[in-house]
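Trainee: Once you've had a glance at the structure underneath, I'll fire off some questions.
The values are calculated or read from the model by the stated rules, or taken from the named source; none is laboratory data. Computed from a predicted model, the values in this text were never measured in an experiment. We place every Cβ from the backbone using ideal geometry, glycine too, and count neighbours over all the protein chains shown. Heads up: the accessible areas ignore ligands, DNA and RNA and are worked out on the full protein's heavy atoms, side chains in. Shrake-Rupley method; radii C 1.70, N 1.55, O 1.52, S 1.80 Å.
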Amino acid sequence: LRALRTFTWTPSKMGKPLCYLALGGNVGDTLRNINRAVGRVGSLEGVRLRRTSSLFKTAPQYVTDQNPFLNAVAELELDEKRRQNLHGLLLDLKTIEKDMGRLPGGQRFGPRVVDLDLLCCGDETLAIQHEDHELLLPHERMHERDFVLEPLSELCPDWINPRLKERKSVLQLLRDLRKKAEGAASAQDAPEPPRQIIPHAAGGSFWTRGSKTLLMGILNATPDSFSDGGLHLSVADALLAAQEMRLAGADIIDVGGESTRPGAPEVSVEDEIARVVPVIKAIKEKKLDVVISIDTRKAAVARAALEAGADWINDITAGEFDPEMLPLAAETMAPVVLMHMKGTPETMNSLIHYDSLLENVRDYLLERKRAAEDAGIPSWNIILDPGIGFAKKLPENLALLRDCGKLVKELQPSPLLISASRKKFLGHILHEPEPKRRTFGNAAVTSAAAAAGVDIVRVHDVREMRQVAMVADQIHRPLCEPAKATI
């Protein structure tokens, strides 16, 4: 690579002179490849991975006879040495591509294991000779690619490409492409627009966000959980419950070994591992084709669970209880649920005070998302949870559920999880002291959550809530597969 002119760094109109890198691929385990590439880029000397966009499933363009792609954009901060030697950064990116299996001389715009393209670096323009053609920054084709503009619009929607005569922002360019696509929507060959995905794990499969309400089944291997404590203490009982939940339609099974009910005491790391690891191994050995989540606030427990076969981490403290939790999620690329709460299960009910509930919860979750990104966790692996019942009583819980749609909107593009199943506030409303008899209250929450666009609902009664979610999705989710008459 040879620079065609002297590169002088100038401050960007976006503030700091940041670089934006497009990532894509459609060969092999694409999700795992993208995760690996992000890790490799973030480990380059003089490069700091600030954050990423969501991850999108996209239709192939230019060469359409190939598999769909996964695409994202990463925001990078470069030190002075890197900023003065962008052609060296391009060489490093090509090395990463080669190390991951991309062969030189392949079909242009054709299938590839991974593709790493610098899109822009601040407002600077640069031409670099690469092999037999000139590589331009900002990227010469970025304005015509929805698979670039969609993720880029999450990170720098107001940036204006200095190469284009039309002074339009990224968001304006994306809207133009959307209008053009809508105009061709009647054509059979109109490509499907980019769709955000939610990963099953660090690699492998994923869900298309918005296609259905995902159900997370609750499996507590504890003696003292408020609703099902003591029911799944043996591995055999826990495995049977997991099988029943999967058959009933659970997408995720959340395995916990420490009760987090109000006033619950802390459990030792050793005891918690002894409770959850055998259960996770048993579920994995049965090959239930279900995502396994570990419900813990301790990094050592999460690591043991991931090594046993768990896919997600569900941390009620959003990484605050254990400073090793977020680095662990970054290291393993495990999707992580970050929840709002105050204090600990032992103290939270004494901390129910908010200046402005919705804003306080939203701001806390956004702050914890930033902490997760600072730890190296890509945006597509972050799920947020407002923490129904945690340092909240009846008025607060109802207010959050009432304004669920606002939370979904204001926390975009992060998926939102709601966990209200069988909780005490439902008992107050229903005048029902027995948690297991609050099924219709759970159904009301599930329906309201689906209508608001919530992505995941955490429930005990999987079979009943699957029926609720299926009907609610047909009413409220345009991306849901239409129901067909079968009876």
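Trainee: Would you check which residues across the stretch 43-58 are closer than 16 Å to LEU119 by Cα and open to solvent by less than 10 Å² (accessible area, probe 1.4 Å) and list them?
Mentor: Step one: list which residues in the stretch 43-58 are closer than 16 Å to LEU119 by Cα, which gives 47, 49-53.
Matches in the stretch 43-58: THR52, SER53.
Trainee: Tell me which helices (runs of 4 or more DSSP H) are completely within the stretch 397-487 and hold 1 or more residues being surrounded by fewer than 19 Cβ atoms within 10 Å (Cβ to Cβ), under 23 Å from the mean Cα position of the chain (by Cα) and modelled with pLDDT of 95 or more, or say none if there are none.
Mentor: On the way: elements: 404-410, 424-430, 439-452, 462-476.
Those helices (runs of 4 or more DSSP H) span 404-410, 439-452, 462-476.
Trainee: Let me spell it out: the conditions are (1) of a type in the set (Val, Ile, Thr); (2) open to solvent by 60 Å² or more (accessible area, probe 1.4 Å); (3) at pLDDT 95 or above, and THR64 meets all of them except one. Which number is the exception?
Mentor: (3)
Trainee: If you scan the stretch 25-38, which residues turn out to be in a helix (DSSP H, G or I) and either acidic (Asp, Glu) or under 18 Å from ASP117 (Cβ atoms) (or both)?
Mentor: We begin by selecting, within the stretch 25-38, every residue in a helix (DSSP H, G or I); these are 30-38.
THR30, ASN33, ILE34, ASN35, ARG36, ALA37, VAL38, listed by residue number.
Trainee: Does ASP237 satisfy being modelled with pLDDT under 95, of a type outside the set (A, V, I, L, M) and outside any helix (DSSP H, G or I)? Lay out the reasoning, then the answer.
Mentor: On the way: modelled with pLDDT under 95: yes; of a type outside the set (A, V, I, L, M): yes; outside any helix (DSSP H, G or I): no.
Here the answer is no, as ASP237 does not meet what is asked.
Trainee: Hey, another quick one. Looking for something more than 20 Å from ARG458 (Cα to Cα) and modelled with pLDDT under 95 - is there at least one such residue anywhere in the stretch 254-263? Walk me through it before giving the result.
Mentor: Initially, the stretch 254-263 is screened for residues more than 20 Å from ARG458 (Cα to Cα), giving 263.
From the residues that got through so far, the ones that are modelled with pLDDT under 95 too are 263.
The answer is yes; a qualifying residue exists.
Trainee: Please state which one of ARG261, ARG275 is part of a loop (DSSP other than H, G, I, E, B), under 28 Å from ASN349 (Cα atoms) and touching a residue at least 24 places away in the same chain (Cβ under 8 Å).
Mentor: ARG261
Trainee: Could you grab me the full set of residues in the stretch 255-272 that are under 23 Å from LEU239 (Cβ atoms) and open to solvent by 50 Å² or more (accessible area, probe 1.4 Å)?
Mentor: Once the filter is applied, which keeps residues that are under 23 Å from LEU239 (Cβ atoms) and open to solvent by 50 Å² or more (accessible area, probe 1.4 Å), the stretch 255-272 yields GLU270, ASP271.
Trainee: ARG402 versus (1) touching a residue at least 40 places away in the same chain (Cβ under 8 Å); (2) under 25 Å from ASP355 (Cα atoms): which is the lone unmet condition?
Mentor: (1)
Trainee: What's the number of the condition THR332 fails, among (1) of a type in the set (Val, Ile, Thr); (2) open to solvent by less than 20 Å² (accessible area, probe 1.4 Å); (3) within 18 Å of the chain's Cα centre (by Cα)?
Mentor: Of the numbered conditions (1) of a type in the set (Val, Ile, Thr); (2) open to solvent by less than 20 Å² (accessible area, probe 1.4 Å); (3) within 18 Å of the chain's Cα centre (by Cα), the odd one out for THR332 is (2).
Trainee: Within the stretch 176-201, how many residues turn out to be at pLDDT 95 or above and open to solvent by 20 Å² or more (accessible area, probe 1.4 Å)?
Mentor: Here the count works out to 3.
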